[in-house]
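Student: Quick one: the structure is below, and I'll ask about it shortly.
The values are calculated or read from the model by the stated rules, or taken from the named source; none is laboratory data. Remember, predicted model here, so these are calculated numbers, not experimental data. Don't worry about glycine lacking a Cβ; one is built from the backbone with ideal geometry, like all the others, and counts go over all protein chains shown.
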Amino acid sequence: MICPQCGFMMSAFDTDCPRCHGKGLTPLTPQSPAQPPIVPTVTQPSTVALNDAPSFGLALLGFLMPFFLYFPGLILGGIFYFFIRDSQPAKARSFGKGMLWSLAVIPATALVVITLLTTLGGPVKTEFKVPQQPPVDSPATAVVPSATSQSEIPPVSPPEPPQTVVTASEVNFAKDLLQGLINGDPSVGNLIDWPSLKFMGEDLGKPYRETADEAAKAQMRSQFFEEGRSSFQSANATLQSFTNWRVFSQDSGGVTVACDGPKGGSFFFVIFQNKLISMQGTL
């Protein structure tokens, strides 16, 4: 500081001027550093609910929602979790753990159910007993089992001999039908069960059943008689050349009438409910 009397530069702590010894000066005192102002802190209120605690009920709800509702349950559960996560974190954690357990249990439960159904259930097998048609091309022959399966297959009883009782109505039916085929006469068509007809190893009834066009069906019948007439005439076969007419067999599948052909073969006519359903044989 400067002395006001003589202008001498004094120390800041001098009370008298060293040059003029002036009195009445007030020395400077050390100043403490300025303290920053104290700002009162304001405590923000907590957003966590006072009753927040782990909840078994919410854990069970989180488990059941995906288990029974699948994807809608996952979506609704996720929305509910994020809705309460900030205000009730403990309950949100319980709910989330329940959902995680459900996601782990669902695949395991599905795997167990599929395994049980595959192991215990199995495919349902239904057996249908198809009525056997009587033999039409040759007499039945017994099947001889192989040596490896001889002990597993019960012995086969010999076939019953064919019936030899002649029934005039069935034999005459077969004769009339054969005469119509030899002549190519469509008038005997009413004696044939066309949807069930099997002729010389072919299922002629199948295409007849599959078409609904009556004109096409009429064409099939006409072609059948024309081809039959041509085949018999090319072999010089007449009704008188077929001999030894007889009833070969008779059961629930119909009556089988047999005859001997002109060249050593045999013909078999299967008649069911006064309709021809099968004709097989060789001349």
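Student: So residue 145 fits all but one of (1) over 30 Å from residue 264 (Cα atoms); (2) surrounded by 10 or more Cβ atoms within 10 Å (Cβ to Cβ); (3) at pLDDT 60 or above; what number is the exception?
Tutor: Going through the list (1) over 30 Å from residue 264 (Cα atoms); (2) surrounded by 10 or more Cβ atoms within 10 Å (Cβ to Cβ); (3) at pLDDT 60 or above, residue 145 breaks only (3).
Student: Within segment 230-283, take every residue that is among the charged types (D, E, K, R) and farther than 14 Å from residue 199 by Cα and give me the one that is nearest to the chain's Cα centre (by Cα). Before the answer, list the steps.
Tutor: First pass over segment 230-283, keeping only residues among the charged types (D, E, K, R): 246, 251, 260, 263, 275.
Of the ones still in play, those that are also farther than 14 Å from residue 199 by Cα are 246, 251, 260, 263.
On the way: 246: 54, 251: 42, 260: 54, 263: 57 Å.
Residue satisfying both the conditions and the ranking: 251.
Student: Can you tell me how many residues within segment 61-102 are touching a helix residue (DSSP H, G or I) at 6+ places or on another chain (Cβ under 6 Å) and aliphatic (A, V, I, L, M)?
Tutor: Total meeting the criteria: 5.
Student: Then there is this: Do we have any residue at all in segment 256-271 that's under 21 Å from residue 183 (Cβ atoms), of a type in the set (Ser, Thr, Tyr) and modelled with pLDDT of 90 or more?
Tutor: no
Student: Another question about this same structure. So, in segment 101-118, how many residues would count as being closer than 15 Å to residue 71 by Cα and free of Cβ contacts under 8 Å to residues at least 24 places away in the same chain?
Tutor: 2
Student: Which residue is surrounded by the most Cβ atoms within 10 Å (Cβ to Cβ), if the candidates are limited to segment 32-62 and must be at pLDDT 80 or above and out of contact with any Lys or Arg (no Cβ under 8 Å at 6 or more places or on another chain)?
Tutor: Residue satisfying both the conditions and the ranking: 61.
Student: For segment 64-76, how many residues meet the condition of being crowded, with 18+ Cβ neighbours inside 10 Å and at pLDDT 80 or above?
Tutor: Final tally of qualifying residues: 0.
Student: Residue under question is residue 29, and the condition is that it be at pLDDT 75 or above and among the polar types (S, T, N, Q); does it hold? Even if it seems obvious, please write down each step before you answer.
Tutor: Numbers: at pLDDT 75 or above: no; among the polar types (S, T, N, Q): yes.
Taking the combined requirement at face value, the residue does not satisfy it.
Student: Can you name every residue in segment 205-264 that is among the acidic types (Asp, Glu) and in contact with a strand residue (DSSP E or B) (Cβ under 6 Å, 6 or more places away or on another chain)?
Tutor: Within segment 205-264, the first condition is being among the acidic types (Asp, Glu), and the residues that meet it are 210, 213-214, 226-227, 251, 260.
Listed by number, the list holds a single entry, 260.
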